[in-house]
Every structure is written in structure tokens, then in C-alpha cells.
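As C-alpha cells, the structure follows; a few thoughts come after it.
The values are calculated or read from the model by the stated rules, or taken from the named source; none is laboratory data. In this text the structure is predicted, and so the values were computed from the model without any measurement. Cβ placement follows ideal geometry from the backbone for every residue including glycine, while neighbour counts extend to all protein chains displayed. Protein only, heavy atoms only, side chains kept; ligands, DNA and RNA dropped before computing areas. Shrake-Rupley method; radii C 1.70, N 1.55, O 1.52, S 1.80 Å.
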Amino acid sequence: MACPTQVLCRALRTVGLVLFYYVFSIGITFYNKWLMRDFHFPLFMTLVHLVIIFSFSTLTRYFMQCWTGKPRVTLPWKLYLSKVAPTALATALDIGLSNWSFLFITISLYTMTKSSAVLFILFFSLIFKLEEPNPFLILVVLLIASGLFMFTLKSTQFNLEGFIMVLLASFIGGIRWTLTQVLMQKAELGLQNPIDTMYHLQPLMFLGLFPLFLLNEGLSVSTTEKLFRVSELSHLLYSLVTLSVGGMLAFGLGFSEFLLVSRTSGLTLSIAGIFKEVCTLLLAVEFMGDKMSTVNWLGFAVCLSGISLHVGLKTYYNKGNGPMVRQLPVRDNPDLELPLLQTIEDYCEDTNDEEEQEILY
């Protein structure tokens, strides 16, 4: 058994990693909402973030290669376009629509609607037969859907256009996370390291989102006085700095999520995510002027109970109490027998310590 000192150190480390994750996750939500008040070009902002994330990923891969002496994986073009492109397109649309919705809706409505992504992940898992049907899943769906309905029904700051955008983003997010998990679990691709995944995703995400940007914001961005028609250099520098800060927050969010999972477990991330939603709503009401009625809070509680039930079910079945996920079909590589919806903690247990240290460095 671990001594009390080790238990305390482990607990403090977990709390520190959760707070580190909260800084980036909550920070980027409020930062993007704040930026959208004066900078009405969410798609352009997203493109800038993608460039920054790609740059940081490239630098990180370079330093990892120098430290370990091992070359990082680089996919050939044929494999890159056929395997990575669907995930990249779904991710780009999810992030782009999420940022776009900030022009219309409050943080509280965004947070609540975005929580419905669990519904769509379950939906696609069942459609593609990646997850075994379970009667409890019906209860999960009913709780989350009922909570979302109660929240939007009595919302005094409801905006239909923004709501549809973020709901569509959640729908696409269900596809995104399913494809991302498939991508990272395919051993022959070698993209188990999130830094390598981020590096490969960003260019195709940029290309996928760029036509939508040209169609909706291209002319406006080229004529705005905040960027290309500035009258003073200080205004241009201010715009570039504020956009760059958002990009660094986006990269930090991905890194903090992985750091939390690799040092604790996927269950810790899931539980932390539930409390993060609560913190986000409380901060939005306190500092952003969001208004929530008793029915809104009740709807939020019902939705969180559905998400909590889903997390609990995943934990129960992953402890060997029954099949909840299907296995990938056996091929030439035995590593492909990983369950498609395997939780992160299971994956980390399958990874040896040396590889984990290499990833963290």
C-alpha cells in the first residue's frame, strides 16, 4: 500500500493538473466570447488558431525528436489524405461553428448546448455498431435531452441562430470524436501521440475551413480597419496579439487534456469536465451578465445527471462487468484489437512507461 505522503502527493498532483486544464478550457471559452464582442470574424480567428497550433506542434515534435533521438511519424500523402482528412474536416467544422456561435449566444447557452455532444457521440457509436445497445443509454439520452429542452425553453437570452450553430457543432463533434479515437487507435498510423495527431490534423483543417471563410468573411476581413486597412500600426499589432493569445490557449487546452489523462486517467478528465461545466456557468452568471432562471438551473442539473450516469456506466463496464464496446476486427496487426471506444485510462495502461515518458517529453 502507498504511504500517506505518496497519497497526498498524488492527490495534490491531480488537483494541480485539473486546475491547469481548467485554466485553458474555461479560459479559451471566455476569451473567445470576449474577443467576439469587437472582432466579428470567428472563422478567420479559427484559421489563425490552426496556424499557431500547427507551429507549436511542429516545434514540440522537433524538440521531442532532439531529446529522444527518434524520428517522429510522418504519414505519406496517400494515407494522409484518405485516413486523416475526414477527421480533420469534422474537427474544423466543429471548432469553426462553435466559435461562430459566440457572435449570437451567451456562454451559459453555449456551455449547456455543447454538453449535448455526448448524445451525438452515443448516436454515432450505436449507428456504426461501435457500442453495444444498453437500456441505460436510453435513460442517459432522455436526461440530457430533457435538460437541454428545459434550459432553452425558459432562457431569456435565447438566440435561435446561435443555438442551431452550436447544436450543429455538437452533432459534428460526435462524428469528430469518434473518428479521432479511430485515428489514434490505429497502430499502423502511429498517431497515438496527440502532438503527432495535432500536427497532422491542422493543415487539412485549415484547407477544409478556408472555403467557408472566403464565402462568409473573405471580403469583410480584407476591408476591415482592424487588419488589412488599419490606419495605425498599433491597431494591427493589437489584433495580432489578441488572436495569438487565443491560439496559444487552444494549443494549451489540447496539451493540458493529454497531460491530465496521461498522469491520471480518462475518468478523471470526464469528472473534471462535469465540474468544469458548473464552474463555467457560475462564472458566466457572475461576470458576463448571463441570466438563468430556476428552470434553467434545474435543466442544467438534469443534463449533468445524464452525463454523470454515462461516465459511471463507462467506468462500470470497463472494470469487466460486461461488454459495452465492440472490438476492432482482428487484422495483421494485433494492436488493432483495441476497442474502438476504449477509454483513455485503458489505453494508457497498455502503454509502457518508456513510451509514456517519451510522449511527455
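Can you name the residue in the range 228-250 that is touching a residue at least 40 places away in the same chain (Cβ under 8 Å) and of a type in the set (Val, Ile, Thr) and is also nearest to Pro42 (Cα to Cα) among such residues? So that I can check it myself, show each step before the final result.
Step one: list which residues in the range 228-250 are touching a residue at least 40 places away in the same chain (Cβ under 8 Å), which gives 239, 242-250.
Now drop any that are not of a type in the set (Val, Ile, Thr), which leaves 242, 245.
Working: Thr242: 13, Val245: 14 Å.
The extreme case among them is Thr242.
Evaluate the range 99-120: report whether one residue or more is in a helix (DSSP H, G or I), under 19 Å from Met198 (Cβ atoms) and not assigned by the TED database to the domain that holds Gly289. Within the range 99-120 (the criterion being in a helix (DSSP H, G or I), under 19 Å from Met198 (Cβ atoms) and not assigned by the TED database to the domain that holds Gly289), the answer is yes, since at least one residue qualifies. Scoring Ala92 on the criteria (1) assigned by the TED database to the domain that holds Leu249; (2) open to solvent by 10 Å² or more (accessible area, probe 1.4 Å) leaves a single failure, condition (2).
Answer yes or no as to whether Ser55 is crowded, with 16+ Cβ neighbours inside 10 Å, at negative phi and small (Gly, Ala, Ser). No: the conditions fail for Ser55.
Residues that are hydrophobic (A, V, I, L, M, F, W, C) and not in a loop (DSSP other than H, G, I, E, B) were ranked within the range 32-48; the one that is surrounded by the fewest Cβ atoms within 10 Å (Cβ to Cβ) is Trp34.
Please go through the range 171-225 and pick out each residue that is of a type in the set (Val, Ile, Thr) and over 15 Å from Ser82 (Cβ atoms). Show your work before the answer.
Of the range 171-225, the ones of a type in the set (Val, Ile, Thr) are 172, 175, 178, 180, 182, 195, 197, 221, 223-224.
Selection gives Ile172, Ile175, Thr178, Thr180, Ile195, Thr197, Val221, Thr223, Thr224.
Here's the yes/no breakdown for (1) outside any helix (DSSP H, G or I); (2) under 22 Å from the mean Cα position of the chain (by Cα); (3) among the polar types (S, T, N, Q); (4) within 29 Å of Phe120 (Cα to Cα):
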position: Thr14; (1), (2), (3), (4): no, yes, yes, no
position: Phe30; (1), (2), (3), (4): no, yes, no, yes
position: Leu50; (1), (2), (3), (4): no, yes, no, yes
position: Trp67; (1), (2), (3), (4): no, no, no, no
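Each residue in the range 69-80 was checked for being in contact with a helix residue (DSSP H, G or I) (Cβ under 8 Å, 6 or more places away or on another chain) and either assigned to a helix (DSSP H, G or I) or crowded, with 23+ Cβ neighbours inside 10 Å (or both), and 1 of them qualify.
Within the range 283-304, if we keep just the residues that are of a type outside the set (A, V, I, L, M) and open to solvent by 50 Å² or more (accessible area, probe 1.4 Å), the residue that is farthest from the chain's Cα centre (by Cα) turns out to be Thr294.
Of all residues in the range 235-258, none are at pLDDT below 80 and not in a helix (DSSP H, G or I).
Working only within the range 238-250, note down all residues that are more than 17 Å from Gly96 (Cβ to Cβ) and either open to solvent by 20 Å² or more (accessible area, probe 1.4 Å) or not small (Gly, Ala, Ser) (or both). Walk me through how you get there before you give the answer.
First, the residues of the range 238-250 that are more than 17 Å from Gly96 (Cβ to Cβ): 238-242, 244-245, 248.
If the condition is that a residue be more than 17 Å from Gly96 (Cβ to Cβ) and either open to solvent by 20 Å² or more (accessible area, probe 1.4 Å) or not small (Gly, Ala, Ser) (or both), then Tyr238, Leu240, Val241, Thr242, Ser244, Val245, Met248 are the ones that fit.
The numbered conditions (1) crowded, with 21+ Cβ neighbours inside 10 Å; (2) among the hydrophobic types (A, V, I, L, M, F, W, C); (3) outside the structural domain of Leu189 (by the TED database) are all true for Ile127 except (1).
Considering the range 181-231, and only residues there that are of a type in the set (S, T, N, Q) and open to solvent by less than 50 Å² (accessible area, probe 1.4 Å), the residue that is nearest to Ala92 (Cα to Cα) turns out to be Gln202.
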